[in-house]
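Shown next, in structure tokens, is the structure this report addresses.
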Amino acid sequence: MNRKILIINGHPNKDAFNFGITTAYKKGAENSEAEVREIIIADLKFNPNLQFGYQKRTALEPDLTDAWEKIKWADHLVWVHPVWWGGLPAITKGFIDRIFLPGFAFQYRKNSVWWDKLLKGKTAHIITTLDQPGWYYRFAFGRPSINQLKKSTLEFCGVKPVKVTYISPIKNSELSLRKKWLEKIEKQGENLE
């Protein structure tokens, strides 16, 4: 059985290097005969605001329903996004807020502080771009976007292990370095990391 890979691109600008990363990973995964699907968050039509929190359920727009079906389908989730102000782009955060819901991705237990992780059995890989070295982001700032997506979202919902790759620093990077990064990402796709 072929591995089912879902690539979720969270960059709102289709001219960004993140789309080259998505293409490279997809090419590598397809070379390994994985079945690959994509979610380009910028293409989705949805309200990113979780208006009522968890007090009242807002119906999912058709694009979010389709995205959730893809997440359920996948064995491995590959998240590609930039780090802006230490965190995820607003549209990516809104996507997570709207779709990683109780009863979908996790379920609180009645009269308990504990919860059930409804996405167990899935793995993930976060590929994130930065304008600073990854080691600096980790040690100077505590890597808040990684903590949010890896620990507070994916692992909270049962997705493990979650690998992280930093592509950085992007700002002022030369074409030769970008080609090396894309080769690295394609290889990770071939290895289904």
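The values are calculated or read from the model by the stated rules, or taken from the named source; none is laboratory data. Computed from a prediction, not measured in an experiment: that's the story for all the values here. FYI the Cβ positions are ideal-geometry reconstructions off the backbone, even for glycines, and counts take in every protein chain you see. Accessible surface is based on the protein model in full, side chains and every heavy atom, while ligands, DNA and RNA are left aside. Shrake-Rupley method; radii C 1.70, N 1.55, O 1.52, S 1.80 Å.
Worth pointing out:
- Residues in segment 5-35 that are in a strand (DSSP E or B), in contact with an Asp or Glu (Cβ under 6 Å, 6 or more places away or on another chain) and open to solvent by 50 Å² or more (accessible area, probe 1.4 Å): there are none.
- Selection status of Pro82, within 28 Å of Tyr166 (Cβ to Cβ), touching a residue at least 24 places away in the same chain (Cβ under 8 Å) and open to solvent by 10 Å² or more (accessible area, probe 1.4 Å): no
- Residue match in segment 36-54 (condition: among the polar types (S, T, N, Q), touching a residue at least 40 places away in the same chain (Cβ under 8 Å), out of contact with any Phe, Trp or Tyr (no Cβ under 6 Å at 6 or more places or on another chain) and surrounded by fewer than 19 Cβ atoms within 10 Å (Cβ to Cβ)): yes
- Residue within segment 186-193 that is touching a strand residue (DSSP E or B) at 6+ places or on another chain (Cβ under 6 Å), modelled with pLDDT of 95 or more and either surrounded by 15 or more Cβ atoms within 10 Å (Cβ to Cβ) or over 24 Å from Phe106 (Cα atoms) (or both) present: no
- Of all the listed residues (Ser145, Ser168), the sole one being touching a residue at least 60 places away in the same chain (Cβ under 8 Å), hydroxyl-bearing (Ser, Thr, Tyr) and either under 19 Å from Lys27 (Cβ atoms) or crowded, with 16+ Cβ neighbours inside 10 Å (or both) is Ser145.
- Among the residues listed as Trp73, Trp115, the single one being at pLDDT 95 or above, touching a Lys or Arg at 6+ places or on another chain (Cβ under 7 Å) and surrounded by fewer than 14 Cβ atoms within 10 Å (Cβ to Cβ): Trp73
- Test: residue in segment 133-146 that is within 26 Å of Thr58 (Cβ to Cβ) and either outside any strand (DSSP E or B) or not charged (D, E, K, R) (or both): yes
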